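Novice: I have a structure I would like to understand better, so I am pasting it below and will then ask my questions one at a time.
The values are calculated or read from the model by the stated rules, or taken from the named source; none is laboratory data. What you see is a predicted model, and the numbers here were worked out from it, not measured in a lab. Methodologically, a virtual Cβ is constructed for each residue, glycine included, from the backbone with ideal geometry; neighbour enumeration extends over all protein chains shown. Just so you know, the surface numbers come from the protein's heavy atoms only, side chains and all, with ligands and any DNA or RNA stripped out. Shrake-Rupley method; radii C 1.70, N 1.55, O 1.52, S 1.80 Å.
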Amino acid sequence: MEIIEGISKYITELSGVRRVSVKTIESYGVDLSQFARFCSDFEKTGIKSIDTRFVKRFLMHLNELELKGGNKLTKTSISRKLSALRGFFNYLIRQGEIEMNPVSKIPNPKTKRPLPDVISLDSFSEILNLIDRKEKNIYKRELIKAVCELLYGSALRVSELCNLNFGDVDLHKMSVRVLGKGSKVRIVPLGEKSVETLKSYLKLRPSGKSGLFFLQENGNKIYSRYVQLNIKRYLAGVEKKSPHVLRHSAATHMLDKGADLMAVKEILGHENLSTTQIYTHVSIERLKESYKKAHPKSQKE
């Protein structure tokens, strides 16, 4: 099989069969096309002509591009390119085109993930009070408060929230059915306060044919950009004023209060436990900060 043909079929599988996110498909498409061009420069067109040494040569080529004035590649970018290649060759193994993955023994560069921004326990109540004071439009006020309740109270992603249908929210059973990444469904609990806030929103929600749970005042669907613009105004004291901060904060606060890590993983809809574990580091850092501020032995006399 030709390299170009293999890449085309792999991208089709990601899109149609595995239903990977559009952003991931676009990124993998760019990375694999770059690799295909590199292969073409060395007149390598067939899948079986690629070995581990050649993949390493490709990585050296990327570093040389930087030295020649190209954009600097971060460790995260290199890891993504390796992940794209690793997934591509695993696909070829499944198709019976090759027997070994030439990328399997090439480790991703070690990266230190930045700790996510979080708000304090009291800050969420302050955010809701701020919305009450500043938002003059009654419907929009209740809408934004309800959005905040699900982003923080149930730790939803913004995209998940925007796509919620009426049938997904069960106020009686106090739960939300969420369609997450990779079309995976999970059930997330609702707190009593969140239920009351959602009820207040529903009393004002415009009637219409749409089955979506959240609607703008004109009856249109709310989109990620709408949520971002309307919530970041109320996120004071946070470096990255993104609605995602509420999800980060929910995870961190649950772990601060002794929640089981696996339970938090299920609530967040993470595929790997390592993704959830970043919040344990946030909790530890918060403990260190509290210790430094309060413990008499934390500083030299």
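Novice: Consider segment 88-126. How many of its residues are open to solvent by 60 Å² or more (accessible area, probe 1.4 Å), within 25 Å of His248 (Cα to Cα) and part of a loop (DSSP other than H, G, I, E, B)?
Specialist: 8
Novice: Taking Leu85 as meeting all but one of (1) outside any helix (DSSP H, G or I); (2) open to solvent by less than 30 Å² (accessible area, probe 1.4 Å); (3) among the aliphatic types (A, V, I, L, M), write down the number of the exception.
Specialist: Every listed condition holds for Leu85 apart from (1).
Novice: Okay, moving on. Output the residues belonging to segment 189-220 that are closer than 11 Å to Lys140 by Cα, open to solvent by 80 Å² or more (accessible area, probe 1.4 Å) and of a type in the set (D, E, K, R).
Specialist: Glu217, the sole residue that qualifies.
Novice: Follow-up. Output the number of the condition that His172 fails; it satisfies all remaining conditions of (1) out of contact with any Leu (no Cβ under 6 Å at 6 or more places or on another chain); (2) surrounded by 14 or more Cβ atoms within 10 Å (Cβ to Cβ); (3) in a loop (DSSP other than H, G, I, E, B).
Specialist: The one condition His172 does not meet is (2).
Novice: Right, here's the next one. Every residue in segment 72-82 that is touching a helix residue (DSSP H, G or I) at 6+ places or on another chain (Cβ under 8 Å) and open to solvent by 60 Å² or more (accessible area, probe 1.4 Å), please.
Specialist: The answer is Lys72, Arg80.
Novice: Any chance segment 267-290 includes a residue that's modelled with pLDDT under 85, assigned to a loop (DSSP other than H, G, I, E, B), open to solvent by 30 Å² or more (accessible area, probe 1.4 Å) and of a type in the set (Ser, Thr, Tyr)?
Specialist: no
Novice: Restricting attention to segment 127-150, does a residue exist that is at positive phi and assigned to a helix (DSSP H, G or I)? First the steps, then the outcome.
Specialist: To start, the set of residues in segment 127-150 that are at positive phi comprises none.
No, the conditions are met nowhere in segment 127-150.
Novice: Would you call Val178 within 27 Å of Met262 (Cβ to Cβ), in contact with an Asp or Glu (Cβ under 8 Å, 6 or more places away or on another chain) and open to solvent by less than 40 Å² (accessible area, probe 1.4 Å)? Step through it out loud before you land on a result.
Specialist: Details: within 27 Å of Met262 (Cβ to Cβ): yes; in contact with an Asp or Glu (Cβ under 8 Å, 6 or more places away or on another chain): yes; open to solvent by less than 40 Å² (accessible area, probe 1.4 Å): yes.
Yes.
Novice: State all residues of segment 221-235 that are open to solvent by 50 Å² or more (accessible area, probe 1.4 Å) and among the aliphatic types (A, V, I, L, M); if no residue qualifies, say none.
Specialist: Selection gives Leu229 alone.
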